[in-house]
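The values are calculated or read from the model by the stated rules, or taken from the named source; none is laboratory data. Only a predicted model underlies this, so the values are computations on that prediction, with no experimental measurement involved. Positions of Cβ are generated from backbone atoms using ideal geometry, with glycine treated the same way; all protein chains shown enter the neighbour counts. The area values use the complete protein model at the heavy-atom level, side chains included, leaving out ligands, DNA and RNA. Shrake-Rupley method; radii C 1.70, N 1.55, O 1.52, S 1.80 Å.
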Amino acid sequence: MNTQQGSDIFSAIIAAPFGAMGIRTEDGRLRELVYLPAHYQEKSAQDAVAEQAAVQVARYFDDPDFRFDLPLKEAGSAFQRRVWDTICAIPRGSVRTYGEIAKQLESAPRAVGQACGANWFPLVIPCHRVTASGGLGGFSSSDDEHGFQLGIKRWLLRHEGALALEMPWQQQSIFP
């Protein structure tokens, strides 16, 4: 397999329906999951945790009800972890708005959005289930409506059964 610029930081890279998924490990724990464009080539797992993560991510792509059980490296501030814990409680096929989560945590929607953007473990912590009050919102610190990141968010929501999801503020689906 050819080594691609940037791929050396990953402990594994697996194919994903929307491109690829980079897996980074450190000290026997998952350090980060990264959405990558399709031009990244697959890379065999370099350690046991990377192998475990690759298998579990692939299982999620096959089954949206799959539950992750990975050793995560501690990350984020106390507030970010509170947001992430709240997001983990959102059932598959459902969404919550930044405002709803902010109200639950007695915070502000922008702070919730920033915590989502700081998520080191997408899929495991399903920030894609959080939307804006007036539409899809951003994703992975990107709000380009037609960009790569929001395309992933749409794919993930479809994959989890939110395809027919109608938002209360609009008459049409959030999916083009």
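Key figures
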{"read-out": "Subset of region 11-30 [more than 14 Å from the chain's Cα centre (by Cα), open to solvent by 10 Å² or more (accessible area, probe 1.4 Å) and on the phi < 0 side of the Ramachandran plot]", "value": "11, 14, 15, 24, 25, 26, 29"}
{"read-out": "Of all residues making up region 88-132, the number that are part of a loop (DSSP other than H, G, I, E, B) and in contact with a strand residue (DSSP E or B) (Cβ under 8 Å, 6 or more places away or on another chain)", "value": "7"}
{"read-out": "The lone exception for residue 8 - which of (1) among the charged types (D, E, K, R); (2) modelled with pLDDT of 95 or more; (3) loosely packed, with under 13 Cβ neighbours inside 10 Å it fails", "value": "(2)"}
{"read-out": "Qualifying positions in region 118-131 - closer than 20 Å to residue 160 by Cα and without any contact (Cβ under 8 Å) to a residue 60 or more places away in the chain", "value": "119, 125, 126, 127, 128, 129, 130, 131"}
{"read-out": "Test for residue 40: is it open to solvent by 20 Å² or more (accessible area, probe 1.4 Å), among the aromatic types (Phe, Trp, Tyr) and under 17 Å from residue 17 (Cα atoms)", "value": "yes"}
{"read-out": "Search result, residues across region 59-73 that are in contact (Cβ under 8 Å) with a residue 24 or more places away in the chain, open to solvent by 40 Å² or more (accessible area, probe 1.4 Å), within 15 Å of residue 30 (Cβ to Cβ) and over 14 Å from the mean Cα position of the chain (by Cα)", "value": "72, 73"}
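Residue-wise test of (1) open to solvent by less than 30 Å² (accessible area, probe 1.4 Å); (2) on the phi < 0 side of the Ramachandran plot; (3) touching a residue at least 12 places away in the same chain (Cβ under 8 Å).
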site	(1), (2), (3)
55	no, yes, no
89	no, yes, no
96	no, yes, yes
106	no, no, no
116	yes, yes, yes
